[in-house]
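Below is one structure; the comments refer to it alone.
Laboratory data are not the source of any read-out in this text; all were calculated from the coordinates shown. All values reported here derive from a predicted model rather than from experimental measurement. Here the Cβ is made from the backbone with ideal geometry for all residues, glycine too, and neighbour counts use every protein chain on show.
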Amino acid sequence: MNDAAKTLIARAMSEASAPTSFSAYAPSNIALSKYWGKRDRARNLPLNSSLSISLADWGSHTQVAPSDTGQDQVSLNGEALALDTSFASKALNFVDLFRGNNETPLNITTKNTIPTAAGLASSASGFAALTRALCGCFGLDLSEAEMSLIARLGSGSASRSLWHGFVRWDKGVAENGADSFAHPVSVDWPDFRIAIIPVDTGPKSHSSRDGMNHTVDTSPLFEAWPAQAEKDCNAIERFVREKDFTALGQHAEANALAMHATMQAARPAITYLNARSWSILDQLWRARQKGLEAYATMDAGPNIKLIFEAKSASDIQSEFPDAQIIAPFEHS
Ligand code: 2P0
């Protein structure tokens, strides 16, 4: 069985033009309904659909250009990287999906605008921006949905970073992955806000990829996850469309806690949340009882993300002074 994303790349590359310099931007995203678990590890296909909100001007700017040295060059945030570093080798493996054995040395320059202190992973925006930049560099005639399908091969969450705003990644059912890509959920919600509360911005204890595979392989609670996650994703999409903030927040928080519960039941357990993460959650829940309407979501790391509406922004900032607030619908 072929891989739909690789077939699509090969078809587009058969009509590629000579490479020219091309720059692209993609925003990072935070899932309100999480992706956790793959049904096909080689094709990077998920067991459940997910829905995210993009982070406006927090993301990756990537330029792909013909290399003038005859060798590949990779730089990150202004620093030239050795080609065997993890970042460079992941980027070049992805580039190889396009150029194959055709020796086209490229210069890949990435600048992340996500503050390091936010402790957010940049693989979602990084692979989405790299996909856009490669398509531009080789003059490929691909739609955004097709680029989402391709970005998914780099990192699942990258499939959701092709657009601003709310985005849903449908898990798809095809064995070759032809129907596993994202699309925007066209709802404009200018008052929607996200806050990142940094807890620990160092490298994570387990990569998300290893963490989700270990959870699928060993957690007895994982059995309940795919069906619940699909239900949550459908409900959350409906609440986004209805702009029902309370129902959206309640479901997003419950979905994130359920994902972390599957990990805690893995053997041995995976615990991305630390004592400070739990203390922030406790503080949030106490503030909520007193009328502050905000909900939490947590990913493969200890940092806490809050969702709320613009009217609560000053209360959030006084309750959590180090919160970094993002307005997802205000972007360049
Ligand atoms: C998400 N995460 O939906 C979930 C929630 C982390 C927790 O997508 O293996 O880096 O490259 O497909 O996309 C992070 O996983 O994993 C992720 P791969 P990815 O945002």
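In table form, for the structure just shown:
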{"read-out": "Zone of E175's modelled label, taken as backbone nitrogen in the stretch 30-66 under 20 Å from a point 7 Å along Cα→Cβ", "value": "38-48"}
{"read-out": "Student exercise, the chain dipole from Lys, Arg, Asp, Glu Cβ charges, in Debye to nearest 20", "value": "520 debye"}
{"read-out": "Separation of the S17 and W285 label points, Cα + 7 Å toward Cβ, nm", "value": "5.8 nm"}
{"read-out": "Label-point separation in nm, A82 to E223, each point 7 Å along Cα→Cβ", "value": "4.7 nm"}
{"read-out": "For the stretch 50-91 versus the stretch 260-332, the gap between their alpha-carbon centres in whole angstrom", "value": "29 Å"}
{"read-out": "Length-normalised contact order for the stretch 192-326 - Cα pairs under 8 Å, 6+ apart - percent", "value": "42 percent"}
{"read-out": "Mean Cα-pair separation over length for the chain, i.e. relative contact order, pairs under 8 Å, 6 or more apart, %", "value": "22 percent"}
{"read-out": "Share of pairwise Cα separations in the stretch 39-154, more than 25 Å, in percent", "value": "24 percent"}
{"read-out": "Amide H partners (placed H, <5 Å) of N48, local residues excluded", "value": "W36"}
{"read-out": "Cβ-derived FRET efficiency at R0 45 Å, M1 paired with T69, nearest 0.05", "value": "0.70"}
{"read-out": "Nearest 10 degrees, 0 to 90: helix 144-154 Cα axis against the chain principal axis", "value": "90 degrees"}
{"read-out": "Hull shadow area, averaged, the stretch 1-87 [alpha-carbon convex hull, nm²]", "value": "8.6 nm²"}
{"read-out": "Contour minus Cα-Cα distance for A265 and S332 (0.36 nm per residue)", "value": "19.9 nm"}
{"read-out": "Length gained when the stretch A117-W278 is fully extended (0.36 nm per residue, less Cα-Cα span)", "value": "56.0 nm"}
{"read-out": "Crossing angle, helix 4-13 versus the chain [Cα axis fit, 0-90 degrees, rounded to tens]", "value": "40 degrees"}
{"read-out": "Prolate/oblate/rounded call for the chain, Cα gyration tensor, a/c under 1.5 rounded", "value": "prolate"}
{"read-out": "E293-S207 pseudo-label distance in nm [points 7 Å out on the Cα-to-Cβ vector]", "value": "4.1 nm"}
{"read-out": "Net lengthening on full extension, S186/D322 (0.36 nm per residue, minus Cα-Cα)", "value": "45.8 nm"}
{"read-out": "Hits among lysines - C-alpha to C-alpha of K90 under 24 Å, sequence gap 8 or more where chains match", "value": "K6, K34, K38, K111, K171, K204"}
